[in-house]
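What follows is one structure encoded as structure tokens, with my remarks underneath.
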Amino acid sequence: MNRILLAEDEPRIAAFVKKGLEANGFTVEVASHPKTILDMAFSEQFDLMLLDLGLPSKDGLTILEELRGQGMNLSIIILTARDDIKDKVAGLEGGADDYVTKPFRFEELLARIRLRLRNNLNNFTPVPMKLQSGNIVLDLRSRQVYLDHQLIELSNTEFMLLEIFISHKGQVMTRQQLLDHVWGYSYDPGSNIVDVYIGYLRKKLGKNIIATVRGIGYRWIDSELI
């Protein structure tokens, strides 16, 4: 199981990322103070760090410089609201492996983390390139969906929602969980967007593929497709 150090001082974002990563099988430790971040990075065994640049008392780029200056080869993905090209260049030239700007969608962050870990041969964790549920197949590499071997056109949001359901077959997914995973932390909590996209998937893939669990959320019905 891969271990991730999340260096983030915004509690809401830290909780959102930690919950999502743990749901996908990662172990996550959160630190917000620069000294604690450095101590944990050097004293514990992590496979990857998510590093915010806007940390209190010490800039994230300075922390990055200290880590690389002392020979730390830990994979580091910068996670920040700074989207200026100069900041991106400074981060990548300073030794970061990737750069993700806020606001972000969790599925994009997850894909970048998986890619970074796959590229690290010492921490290789096989990730399936296809997901299947009955007569529905998701090709994660091409981002295409097949129903009875026929290509079905889905939007990126529809694909991400479908991936979440098939990855959690039989589990009841609350609207909050689906919002967190697909739309990220910048969504409008009063929106009915989840219900709208559930309707899209039912229309394209079959009305019985997703069951409504009254008062809770939705559940993928794998047996309907076999």
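Values computed for the structure shown
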| read-out | value |
| --- | --- |
| Cross-link reach list, lysines versus Lys35, counting only Cα pairs under 18 Å and skipping chain neighbours closer than eight places | Lys58 |
| Degrees between helix 156-167 axis and first principal axis of the chain (Cα, 0 to 90, nearest 10) | 80 degrees |
| Accessible surface ranking that places the most exposed of Tyr99, Tyr200 first, with a 1.4 angstrom probe | Tyr200, Tyr99 |
| Relative contact order (percent, whole number), region 15-117, Cα cutoff 8 Å, 6+ residue spacing | 24 percent |
| Å² per residue, accessible surface of the chain at 1.4 Å | 50 Å² |
| Stretchable slack from Glu22 to Asp39, in nm (0.36 nm times residue separation minus alpha-carbon distance) | 3.9 nm |
| The chain, relative contact order [Cα under 8 Å, separation at least 6], % | 14 percent |
| Under DSSP loop assignment and at most 12 Cβ neighbours within 10 Å, longest trypsin sites (Lys or Arg not before Pro)-free interval of the chain | 1-140 |
| Given charges at beta-carbon only (K, R positive; D, E negative), |dipole| of the chain in Debye | 720 debye |
| Area accessible to solvent at Trp183, 1.4 Å probe radius, in Å² | 30 Å² |
| Carbon + sulfur, % of accessible area of the chain - ligands and nucleic acids excluded, 1.4 Å | 49 percent |
| Largest-first ordering by accessible area, 1.4 Å probe, given options Met129, Met72 | Met129, Met72 |
| Heavy atoms of His181 accessible to a 1.4 Å probe, total area in Å² rounded to 10 | 20 Å² |
| Inter-label distance for Asn192 and Val172, nm, one decimal - labels placed 7 Å from Cα along Cα-to-Cβ | 2.2 nm |
| Value of Rg to Rh for the chain (Rh from inverse mean 1/r over Cα pairs, i.e. Kirkwood) | 1.01 |
| Pair Met129, Glu66: separation of 7 Å Cα→Cβ label points (nm) | 4.2 nm |
| Label-point separation in nm, Val213 to Ala15, each point 7 Å along Cα→Cβ | 2.1 nm |
| Cα point-scatterer Debye curve for region 1-119, base-10 log of I(q)/I(0) at q = 0.16, 0.24 Å⁻¹ | -0.68, -1.77 |
| Loop-located GluC sites (Glu not before Pro) in region 14-60 whose Cβ has at most 13 other Cβ within 10 Å (DSSP) | Glu44 |
| Kirkwood-type radius of region 24-81, with distances r between different C-alpha atoms, in Å | 11.8 Å |
| HN-Hα J in Hz across region 134-141 - Karplus 6.51, -1.76, 1.60, θ = phi - 60°, x for Gly and Pro | x, 9, 10, 10, 9, 9, 6, 6 |
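The values are calculated or read from the model by the stated rules, or taken from the named source; none is laboratory data. It should be emphasised that the depicted structure is a prediction, and the values quoted were computed from it without experimental measurement. When we count neighbours, we look across all protein chains shown, and the Cβ atoms used for this are built from the backbone with ideal geometry, even at glycine. Keep in mind that these areas ignore ligands, DNA and RNA; they rest on the heavy atoms of the full protein, side chains included. Shrake-Rupley method; radii C 1.70, N 1.55, O 1.52, S 1.80 Å.
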